[in-house]
Amino acid sequence: MSMPFRYRKLGYVALNVTDLDRSAAFYTGTVGLDASEPVAGGPAFLRCGSDHHHLVLYPAKAPGVKRVAFELESRAEMEHARRHLAGLGLAVEEIDAEERAALRQGDGLRFVEPNSGLTMEFYTRVLQMALPFRQSLTKIVQLGHVVLSVERFDEMAAYLTANLGFAISDFVEGRFAFMRCQPNPLHHSFAIGRSVEGNHLNHINFMVSDIDDIGIAMNRLNKAEVPIVFGPGRHKPSGSIFLYFLDPDGMTVEYSFGMEEFPEEGAREPRMLEAHPSALDTWGSVPKPAFGKVGAIERRVPA
């Protein structure tokens, strides 16, 4: 199936947090992101690379996912996306000049994925920061992926693959789908799992450069009394070594090392994995009850 438009990467995740200062301090002082610039009253722009932001925190009454943003390859691809989304009958909202200036981004639009209510954003270009990312605590190399738990799992998986240019890399039939945003090579930049408790965040991920980063982070988090809710372990689907922990609002964050990559042409077929604990962790650990439970998907009110 041809791609309706071409992605560059998962650009950033916007989260709602109940105490902006507390969460910004956690993501800089414990997770290891850099603050890009101060904004009185928020949002807080945080980065793990040269882009102006990879995580944006908004003050809110309840924690959750505000939106998920993907960078497209070019302005031409944005025009392809506009025409394609209009053809799907989606209500496309153009990001106005004032907000684009605040986000330090170029052309951009938003729409609501109809099965989950998730606000998705497509944009081109983002300000490149002059000073390099410091890697002050953990050698984070990039924002890796975001995972949601959704009630209309089958419908959303079908919609993303048929209409929005995602490809399934591996799946647990009826329960989990790991998807790449083509032609980005990462095994998954986005994934969904079946939920029986409403639509919500499962976790966000930051990829690190060395397996030692996982062990060092585990000890640092334990010393800071940050709850570790899964791992360390190794995922069967992507081959990643992982560690999951909770942010101050109870939302789940992951460090991971290593991930399978796919060529643009001639990629292998997705594997159908058994619904078994060893598919989640070949090392044998199991997630704690708090794993992947907090973070409702914000319902956007049309402008």
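The values are calculated or read from the model by the stated rules, or taken from the named source; none is laboratory data. Note that the structure is predicted; figures quoted are calculated from it, not measured. We place every Cβ from the backbone using ideal geometry, glycine too, and count neighbours over all the protein chains shown.
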Practice prompt. Would you be able to say whether some residue in segment 48-56 is in contact with a Leu (Cβ under 6 Å, 6 or more places away or on another chain), farther than 20 Å from Asn184 by Cβ and not aromatic (Phe, Trp, Tyr)?
Written response: no
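For segment 276-303, what are the residues that are among the aliphatic types (A, V, I, L, M) and within 21 Å of Gly198 (Cβ to Cβ)?
Those that are among the aliphatic types (A, V, I, L, M) and within 21 Å of Gly198 (Cβ to Cβ): Ala290, Val294, Ala296, Ile297, Val301.
Of the residues Pro263, Pro237, which single one is in contact with a helix residue (DSSP H, G or I) (Cβ under 8 Å, 6 or more places away or on another chain), farther than 16 Å from Lys293 by Cβ and not aliphatic (A, V, I, L, M)?
Testing whether each residue is in contact with a helix residue (DSSP H, G or I) (Cβ under 8 Å, 6 or more places away or on another chain), farther than 16 Å from Lys293 by Cβ and not aliphatic (A, V, I, L, M) leaves just Pro237.
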Worksheet item: What pairs can you find where one residue is in segment 267-295 and without any contact (Cβ under 8 Å) to a residue 40 or more places away in the chain, the other is loosely packed, with under 12 Cβ neighbours inside 10 Å, and their Cβ atoms are less than 8 Å apart, with a gap of 6+ or different chains?
Response: Pro277/Gly284; Pro277/Val286
Worksheet entry | Single residue of Phe111, Phe70, Phe26 found to be without any contact (Cβ under 8 Å) to a residue 40 or more places away in the chain, aromatic (Phe, Trp, Tyr) and not assigned by TED's automatic domain parsing to the domain that holds Asp154 | Phe111
Practice prompt. Kindly indicate the residue of segment 273-303 that is among the hydroxyl-bearing types (Ser, Thr, Tyr) and part of a loop (DSSP other than H, G, I, E, B) and also surrounded by the fewest Cβ atoms within 10 Å (Cβ to Cβ) among those meeting that condition.
Written response: Thr282
Practice prompt. Answer with yes or no whether Asp281 is in the same structural domain as Gly144 (by TED's automatic domain parsing) and touching a helix residue (DSSP H, G or I) at 6+ places or on another chain (Cβ under 8 Å).
Written response: no
Worksheet item: For the subset of segment 29-52 comprising residues that are surrounded by 18 or more Cβ atoms within 10 Å (Cβ to Cβ) and polar (S, T, N, Q), which member is nearest to Glu121 (Cα to Cα)?
Response: Ser36
Practice prompt. Give the residue that is surrounded by the fewest Cβ atoms within 10 Å (Cβ to Cβ), with candidates limited to residues of segment 53-68 that are touching a Gly at 6+ places or on another chain (Cβ under 6 Å) and farther than 19 Å from Glu37 by Cβ.
Written response: Pro63
Worksheet item: For residues in segment 166-206 being over 16 Å from Asp154 (Cα atoms) and in a loop (DSSP other than H, G, I, E, B), which is farthest from the chain's Cα centre (by Cα)?
Response: Pro183
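Could you look through segment 147-188, keep only residues that are charged (D, E, K, R) and buried (at least 22 other Cβ atoms within 10 Å of the Cβ), and pick out the one that is nearest to His203 (Cα to Cα)?
Looking at residues that are charged (D, E, K, R) and buried (at least 22 other Cβ atoms within 10 Å of the Cβ), I get Arg180.
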Practice prompt. Would you mind finding the one in Ala44, Ala76 that is over 23 Å from Leu118 (Cβ atoms) and modelled with pLDDT of 95 or more?
Written response: Ala76
Fill in: The listed residue being surrounded by 14 or more Cβ atoms within 10 Å (Cβ to Cβ) and over 24 Å from Leu33 (Cα atoms), out of Pro227, Pro270, Pro263
Pro270
Worksheet item: When you go through (1) in contact with a His (Cβ under 8 Å, 6 or more places away or on another chain); (2) over 23 Å from Ala279 (Cα atoms) one by one for Val253, which number turns out not to apply?
Response: (2)
